[in-house]
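Only one structure is covered here, and it is reproduced in the block below.
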Amino acid sequence: MAARQSPQGGEYGAKESSGRATLRGGEATTLAGRSTRQATHQGAKRVLRVLRVAIVLVLGSGVLLGLYIAMAPPVEPSQALPKLEFHEKSDIRRRPSLDSFPFARALEGTRLELLQTEGDWALVKVEGTITGWTQVAQGTIIPAPPPRMTRRQLAKQKLLALLSAVRRAF
């Protein structure tokens, strides 16, 4: 193989088995004619460009996810009412008085929605729109369940707690 002149002033020698040509009197070069130092430098530049793009993508998606969570709708109050569970048979009356005639009877273990309390009496929803009064002492008031939060609302709550903790730390 005839020796060729390189731009750096040396001569190319025979091709090595590694795929590189050697440069006599200078650095080793790649088959494309660039020095290995230039190729390494360009490879490092390419890696840095890829890393920058990856960082921008990760930060951008984090910002979008944070906005999605932060824009979660507020928790709606629970529409469920507390209930009154009866220990024993109990009369349901039109007015909160023992003088009022009972129009229905709740059996032991029955649960009726509790609309309001007034002294020792509770206004309960018997069926549909029919309501009546019964004595609270004949049952146990079961509180309404708390509102159910979506995963997005739970994430928002945790994100706000985290931000609050970070503010307190600094």
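The values are calculated or read from the model by the stated rules, or taken from the named source; none is laboratory data. The structure displayed is predicted, hence computed values, not measured ones. Cβ placement follows ideal geometry from the backbone for every residue including glycine, while neighbour counts extend to all protein chains displayed.
Remarks
- Listed by first and then second residue, the pairs with beta-carbon distance under 6 Å, at least 6 apart or on different chains, first residue in segment 138-162 and in contact (Cβ under 8 Å) with a residue 40 or more places away in the chain and outside any helix (DSSP H, G or I), second surrounded by 13 or more Cβ atoms within 10 Å (Cβ to Cβ) and among the hydrophobic types (A, V, I, L, M, F, W, C), are GLY139/LEU84; GLY139/PHE86; ILE141/LEU84; ALA144/ALA80; ALA144/LEU81; PRO145/ALA80; PRO147/VAL75; MET149/VAL75.
- Filtering segment 47-54 for residues that are under 30 Å from GLN138 (Cα atoms) and either under 36 Å from the mean Cα position of the chain (by Cα) or modelled with pLDDT of 80 or more (or both) leaves an empty set.
- Residue count for segment 95-112, restricted to those that are surrounded by fewer than 11 Cβ atoms within 10 Å (Cβ to Cβ) and more than 47 Å from the chain's Cα centre (by Cα): 4
- Of all residues in segment 88-101, those satisfying the criterion of being of a type outside the set (Ser, Thr, Tyr) and either within 12 Å of THR131 (Cα to Cα) or not in a loop (DSSP other than H, G, I, E, B) (or both) are ASP91, ILE92, ARG93, ARG94, ARG95, PRO96.
- Yes/no for ALA104 being hydrophobic (A, V, I, L, M, F, W, C) and in a strand (DSSP E or B): yes
Residue-by-condition table, conditions (1) more than 36 Å from the chain's Cα centre (by Cα); (2) among the basic types (Lys, Arg); (3) modelled with pLDDT under 90:
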site	(1), (2), (3)
ARG93	yes, yes, no
LEU114	no, no, no
ASP120	yes, no, no
VAL126	yes, no, yes
GLN138	yes, no, yes
GLN153	no, no, yes
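- Top-ranked residue in segment 45-94 [being surrounded by 12 or more Cβ atoms within 10 Å (Cβ to Cβ) and charged (D, E, K, R); ranked as nearest to GLY109 (Cα to Cα)]: GLU85
- Only residues that are exposed (fewer than 15 other Cβ atoms within 10 Å of the Cβ) and either in contact with a Pro (Cβ under 8 Å, 6 or more places away or on another chain) or in a helix (DSSP H, G or I) (or both) were counted across segment 121-137, and they come to 1.
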